[in-house]
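The values are calculated or read from the model by the stated rules, or taken from the named source; none is laboratory data. Bear in mind the structure is a predicted one, so any value in this text is a computation, not a measurement. Cβ coordinates were reconstructed from backbone atoms using ideal geometry, including for glycine residues, and neighbour counts include every protein chain displayed. For accessibility, only protein heavy atoms count, side chains too; no ligands or nucleic acids. Shrake-Rupley method; radii C 1.70, N 1.55, O 1.52, S 1.80 Å.
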There are 2 protein chains.
Amino acid sequence: MIIVSHRGPVSFTREPDGTFSSRRGAGGVVSALSPLIEGRDDIVWIAAAIGDDDRAAVAADAAGVAGFALHLVVPDSTDHRLHYDVVSNATLWFLFHGLFDLPRRPRFDQHFRSSWTAYRTVNQVFADAICSTAGEGDVVLVQDLQFALVPAMVRAARPDLRLAHFTHTPFCPADDIRILPDDVAKELLTSMASAPAGFHTERWAANYRACVEEILGVTPPTFVSTFGPNPAALAATAASPQALEAGARLDAEIGDRHLVFRTDRIELSKNIARGFLAFDRLLDLHPQWRERVVFAAFVYPSREGLAEYLAYRQEIEQTAQRVNERWATDDWKPVWLDTHDDFARSVAGLQRADVLLVNPLRDGLNLVAKEGPLLSTRDVVVCLSRGAGAFDELGPFVVEVHPYDIEQTADALHRALTMDPGERASRAADLRRLAGARPASEWLDEQVAQAASAT
Amino acid sequence: MIIVSHRGPVSFTREPDGTFSSRRGAGGVVSALSPLIEGRDDIVWIAAAIGDDDRAAVAADAAGVAGFALHLVVPDSTDHRLHYDVVSNATLWFLFHGLFDLPRRPRFDQHFRSSWTAYRTVNQVFADAICSTAGEGDVVLVQDLQFALVPAMVRAARPDLRLAHFTHTPFCPADDIRILPDDVAKELLTSMASAPAGFHTERWAANYRACVEEILGVTPPTFVSTFGPNPAALAATAASPQALEAGARLDAEIGDRHLVFRTDRIELSKNIARGFLAFDRLLDLHPQWRERVVFAAFVYPSREGLAEYLAYRQEIEQTAQRVNERWATDDWKPVWLDTHDDFARSVAGLQRADVLLVNPLRDGLNLVAKEGPLLSTRDVVVCLSRGAGAFDELGPFVVEVHPYDIEQTADALHRALTMDPGERASRAADLRRLAGARPASEWLDEQVAQAASAT
């Protein structure tokens with residue numbers, strides 16, 4: 001069996017003595033898959049060499065790591081940059097999440113055309129790696145939007161292989177697929193439709209089918225399968241010295257105040273600024289929360305190579321600052337914004353949150369919404385956007401958030417903060433049960449079954 | 001019969017001597033309706049007093065004008081500003097045209113809530129004006145997104161009246177209606193669904209029905225009807241001294257070069273910057289057009305009270321300047337951008353255009369796409385975006401434009417410039433026929449029939 005994802009289970013670092021050390025990768029997919037695959041010598045994981053040290057490790061034939069049959073692919077670095085930054089992140093990610101400022105972007109110009117060619121080339125490099133690695137009839141599980149052209153390429157070269165593709169993002173409504181150049185939309189969907197296409201929720205699967213029907217006039221095979229965080233791994237992080245220390249600092253900082261908490265990548269789809277505006281409105285409408293609540297937002301930088309993300313980070317910082325300027329007292333800073341990447345500290349925050357705000361515009365799944373209930377020591381109330389894929393699972397037990405509606409979000413926070421303990425406990429128990437109900441192993445098995453059935 | 005539109009057939013100006021003069025209003029709806037209604041004393045036109053002089057004319061009881069039974073309504077000026085700027089222009093217009101930069105806007109905050117209340121109040125003022133004006137069983141034709149709540153208000157107060165509502169913009173796909181606050185979407189659509197709702201094309205009608213089905217779970221009555229420019233009025237403008245003089249200046253400026261032409265409001269949906277980028281790419285790809293083509297863009301300011309529109313104007317100017325910096329020679333300035341509002345000059349441009357570029361992201365109809373063929377003296381080739389409502393009528397005889405695809409648009413311009421004279425003449429004849437095929441009188445009659453049938 002072969003698993004293909006852009007980010008691999010580890011990244012390499014060249015040490016001063018010239019040797020290479022490896023470190024576990026972050027990210028939901030990698031965290032979910034790694035424990036399942038470690039030690040299984042029937043599985044090869046193909047991923048991209050990301051960064052100079054990964055490439056150097058491959059060049060030095062030092063990219064092996066205990067427990068994994070890992071194959072790092074090294075595309076041409078210009079092709080890889082265009083594939084990743086321009087097509088995957090600035091085009092497909094934006095399209096599927098609905099993030100384009102359409103009067104201005106996208107512009108499908110000459111630069112995009114070169115980038116699309118590079119995207120195709122990088123997909124072909126991975127398809128070639130799959131084909132040269134796979135034995136007769138092997139199962140191939142291709143992950144995410146970086147590799148949407150791989151299914152057609154592998155099908156063409158190796159009809160014996162049994163392949164499924166899984167999209168971890170949302171998929172756009174049928175109208176929006178027309179934003180892509182006609183030939184690009186057709187090439188993308190023709191490839192995806194050549195294999196069973198998996199999504200975290202029926203909503204994204206339905207959008208995808210509608211797109212394929214719109215562009216190709218056929219109904220493609222789809223499946224829905226999802227997973228939750230690994231409870232044991234979360235518990236281990238929560239028990240780590242880093243998390244304990246971060247937790248002690250949080251306790252000292254927050255004291256006996258209520259904690260509204262969020263943790264996200266600094267990502268346009270995460271809707272961080274509107275979260276601060278809703279908290280501002282909460283303090284405005286309900287004076288009882290002044291000096292009584294802290295909103296801790298541990299959000300960490302992402303994709304800072306894209307100008308949109310740098311600008312968004314500034315907007316977030318300015319919005320948080322304005323809320324603090326309006327409400328802070330000598331003893332109380334209402335918004336605690338921290339942009340250092342520290343997973344253990346986020347875990348400590350999730351353990352202590354009274355209210356967890358997860359208000360993305362649109363999100364493939366959103367693992368934080370499941371991590372919160374699994375980690376909570378305080379019967380956390382989750383305020384969850386209807387735009388998150390996880391809403392389809394957790395909806396009955398969260399407080400629903402309308403991501404564009406500041407007034408409604410402020411009201412949701414107030415409802416969460418005032419919820420009586422009995423209801424909190426009951427909802428938290430249901431959320432904990434649902435958040436742990438879908439182990440990644442079942443999700444992996446479902447992909448294998450889908451791939452096998454599509455021969 | 002009562003016609004209700006935000007802009008009336010005339011606007012008033014207070015003269016130095018204290019009297020009021022009136023001037024014909026601009027805009028497609030007003031131009032189409034005015035000739036039909038002038039002199040018909042069975043029709044009352046209800047519109048908003050816009051600007052101080054209109055309000056002063058009403059106060060002085062001087063808002064009458066020969067040929068029209070005109071009733072100018074004067075809402076509270078703060079309410080009117082919130083109704084028009086915040087709800088109609090910055091929210092509903094943006095929603096229906098798909099213009100939101102969603103990571104940042106809209107923000108449904110306290111200010112929006114006050115504005116929505118003001119929108120409702122202004123709609124009630126107009127509903128009251130209708131109810132106090134209308135005789136038993138009268139037909140009431142309500143125009144456009146400024147008055148979406150009027151149908152329900154009139155229905156409630158005067159069930160005897162027979163009402164239709166007509167939307168001149170596009171309507172958004174079903175997914176996007178969820179961007180509005182839940183109660184706002186429900187109130188808006190419940191009102192619209194209480195009367196037959198008209199649209200320029202089946203596309204927008206289908207989107208609207210899908211939105212109502214999504215939010216209310218019912219299928220509302222709709223109808224599709226549209227109109228073209230008034231050929232006689234266009235001919236009269238073309239024969240005016242202003243147009244003749246502007247034409248002579250254009251001839252001198254352009255000489256024997258080909259003319260690519262556009263004329264639009266400076267409006268985010270019109271996609272003006274990408275048009276310049278496509279022209280830049282045309283010059284890049286096809287050196288034969290260097291020094292041989294001028295792109296004249298007569299685009300005029302609009303809604304400069306909204307920051308987005310001022311910013312967009314700057315972007316347009318900068319884009320045009322960059323193209324000129326790249327390609328201009330001593331004898332040739334490739335882009336001629338002019339932002340003065342001068343309809344006669346636009347008519348002169350439309351008469352002379354070899355190629356007319358109309359590339360909106362999304363547009364309810366787009367009258368320019370019909371004015372061009374009716375005015376052309378050169379068998380104009382129309383490069384028309386698939387996003388324009390008019391594309392559904394004119395599609396077979398235009399060169400299709402993908403509004404986000406710069407490369408495709410450059411190619412469309414090249415195809416248009418190189419089209420052989422026989423094909424040009426044949427297409428131009430078809431376009432002329434179609435552009436003149438739907439007189440506004442039939443469109444008005446259809447609304448009356450729809451209103452009458454919905455008692």
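Could you check how many residues of segment A:132-145 are open to solvent by 30 Å² or more (accessible area, probe 1.4 Å) and in a helix (DSSP H, G or I)?
So the count comes out to 2.
Kindly indicate which of A:187, A:202 is out of contact with any Cys (no Cβ under 9 Å at 6 or more places or on another chain) and under 26 Å from residue A:112 (Cβ atoms).
Checking each option against the conditions leaves just A:187.
Return the residue satisfying two criteria in turn: it lies in segment B:11-46 and is of a type in the set (Ser, Thr, Tyr) and in contact (Cβ under 8 Å) with a residue 24 or more places away in the chain, and of such residues it is farthest from residue B:443 (Cα to Cα).
Ranking the qualifying residues of segment B:11-46, first place goes to B:19.
Suppose we filter segment B:266-287 for residues that are more than 13 Å from chain A (Cβ to nearest Cβ) and farther than 18 Å from residue A:110 by Cβ; how many remain?
So the answer is 0.
Of the residues A:245, A:214, only one is at pLDDT 95 or above, within 28 Å of residue A:181 (Cα to Cα) and out of contact with any Lys or Arg (no Cβ under 6 Å at 6 or more places or on another chain); which?
Exactly one residue qualifies, and that residue is A:214.
Can you find a residue that is without any contact (Cβ under 8 Å) to a residue 40 or more places away in the chain and either within 24 Å of residue B:431 (Cβ to Cβ) or assigned to a loop (DSSP other than H, G, I, E, B) (or both) anywhere in segment B:316-328?
Yes, because at least one residue in segment B:316-328 is without any contact (Cβ under 8 Å) to a residue 40 or more places away in the chain and either within 24 Å of residue B:431 (Cβ to Cβ) or assigned to a loop (DSSP other than H, G, I, E, B) (or both).
Anything in segment B:35-50 that is modelled with pLDDT under 90 and touching a strand residue (DSSP E or B) at 6+ places or on another chain (Cβ under 7 Å)? List them, or say none.
B:37, B:38, B:41
Quick one: residue B:113 ticks every box in (1) open to solvent by less than 60 Å² (accessible area, probe 1.4 Å); (2) within 14 Å of another protein chain (Cβ to nearest Cβ); (3) not hydrophobic (A, V, I, L, M, F, W, C) bar one, so which box is it?
(1)
Could you tell me whether segment A:312-325 includes any residue that is within 14 Å of chain B (Cβ to nearest Cβ), touching a helix residue (DSSP H, G or I) at 6+ places or on another chain (Cβ under 7 Å) and open to solvent by 60 Å² or more (accessible area, probe 1.4 Å)?
Checked against the condition, which is being within 14 Å of chain B (Cβ to nearest Cβ), touching a helix residue (DSSP H, G or I) at 6+ places or on another chain (Cβ under 7 Å) and open to solvent by 60 Å² or more (accessible area, probe 1.4 Å), segment A:312-325 yields no hits at all.
Quick check: is even one residue across segment A:95-109 farther than 15 Å from residue A:22 by Cβ, in contact (Cβ under 8 Å) with a residue 12 or more places away in the chain and more than 12 Å from chain B (Cβ to nearest Cβ)?
Within segment A:95-109, one or more residues are farther than 15 Å from residue A:22 by Cβ, in contact (Cβ under 8 Å) with a residue 12 or more places away in the chain and more than 12 Å from chain B (Cβ to nearest Cβ).
Being in a helix (DSSP H, G or I) and either without any contact (Cβ under 8 Å) to a residue 12 or more places away in the chain or open to solvent by 10 Å² or more (accessible area, probe 1.4 Å) (or both) is the filter here, so list the residues in segment B:146-172 that pass it.
Correct list: B:146, B:152, B:153, B:155, B:156, B:157.
Taking the conditions exactly as written (within 30 Å of residue A:445 (Cβ to Cβ), at pLDDT 95 or above, within 24 Å of the chain's Cα centre (by Cα) and in the same structural domain as residue A:150 (by TED's automatic domain parsing)), does residue A:82 satisfy them or not?
Answer is no for this residue.
I need every pair where a residue in segment B:131-144 that is closer than 17 Å to residue B:33 by Cβ has its Cβ under 6 Å from the Cβ of a residue that is surrounded by 19 or more Cβ atoms within 10 Å (Cβ to Cβ) and hydroxyl-bearing (Ser, Thr, Tyr), sequence separation at least 6 or different chains.
Sorted first by the residue in segment B:131-144, then by its partner, the pairs are B:143/B:5.
Checking residue A:231 against (1) at pLDDT below 95; (2) in contact with a strand residue (DSSP E or B) (Cβ under 8 Å, 6 or more places away or on another chain), which test does it fail?
In the conditions (1) at pLDDT below 95; (2) in contact with a strand residue (DSSP E or B) (Cβ under 8 Å, 6 or more places away or on another chain), residue A:231 misses (2) alone.
Regarding residue A:148, is this residue among the hydrophobic types (A, V, I, L, M, F, W, C) and over 23 Å from the mean Cα position of the chain (by Cα)?
When the stated conditions are applied, residue A:148 does not pass them.
Checking the conditions here, which among A:150, A:142, A:73 is more than 14 Å from every other protein chain (Cβ to nearest Cβ) and either out of contact with any His (no Cβ under 9 Å at 6 or more places or on another chain) or within 28 Å of residue B:285 (Cα to Cα) (or both)?
Selected residue: A:73, the only one of A:150, A:142, A:73 that is more than 14 Å from every other protein chain (Cβ to nearest Cβ) and either out of contact with any His (no Cβ under 9 Å at 6 or more places or on another chain) or within 28 Å of residue B:285 (Cα to Cα) (or both).
Can you report the number of residues in segment A:73-102 which are touching a helix residue (DSSP H, G or I) at 6+ places or on another chain (Cβ under 6 Å), within 19 Å of residue A:363 (Cα to Cα), assigned to a helix (DSSP H, G or I) and hydrophobic (A, V, I, L, M, F, W, C)?
Residues meeting the conditions: 2.
For every residue, the table says whether it meets (1) on the phi < 0 side of the Ramachandran plot; (2) open to solvent by 50 Å² or more (accessible area, probe 1.4 Å); (3) of a type in the set (Gly, Ala, Ser); (4) out of contact with any Phe, Trp or Tyr (no Cβ under 8 Å at 6 or more places or on another chain).
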position	(1), (2), (3), (4)
B:258	yes, yes, no, no
B:274	yes, no, no, no
B:278	yes, no, yes, yes
B:332	yes, no, no, yes
B:339	yes, no, no, no
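Please verify whether residue B:176 is surrounded by fewer than 24 Cβ atoms within 10 Å (Cβ to Cβ), in contact with a Pro (Cβ under 9 Å, 6 or more places away or on another chain), assigned by TED's automatic domain parsing to the domain that holds residue B:46 and in contact (Cβ under 8 Å) with a residue 24 or more places away in the chain, treating the condition exactly as stated.
Yes, satisfied.
Restricting to helices (runs of 4 or more DSSP H) lying wholly in segment B:181-264: which have 3 or more residues that are more than 30 Å from residue B:320 (Cβ to Cβ), within 14 Å of chain A (Cβ to nearest Cβ) and not polar (S, T, N, Q)?
In segment B:181-264, the matching helices (runs of 4 or more DSSP H) lie at B:182-192, B:202-216.
Out of A:181, A:159, A:170, A:196, I need the residue that is modelled with pLDDT of 95 or more, more than 18 Å from residue A:4 (Cα to Cα) and more than 19 Å from the chain's Cα centre (by Cα). Which one?
Unique residue meeting the criteria: A:181.
If residue B:309 meets every condition in (1) within 14 Å of chain A (Cβ to nearest Cβ); (2) in a helix (DSSP H, G or I); (3) surrounded by 20 or more Cβ atoms within 10 Å (Cβ to Cβ) apart from one, which number is that one?
With (1) within 14 Å of chain A (Cβ to nearest Cβ); (2) in a helix (DSSP H, G or I); (3) surrounded by 20 or more Cβ atoms within 10 Å (Cβ to Cβ) applied to residue B:309, the lone miss is (3).
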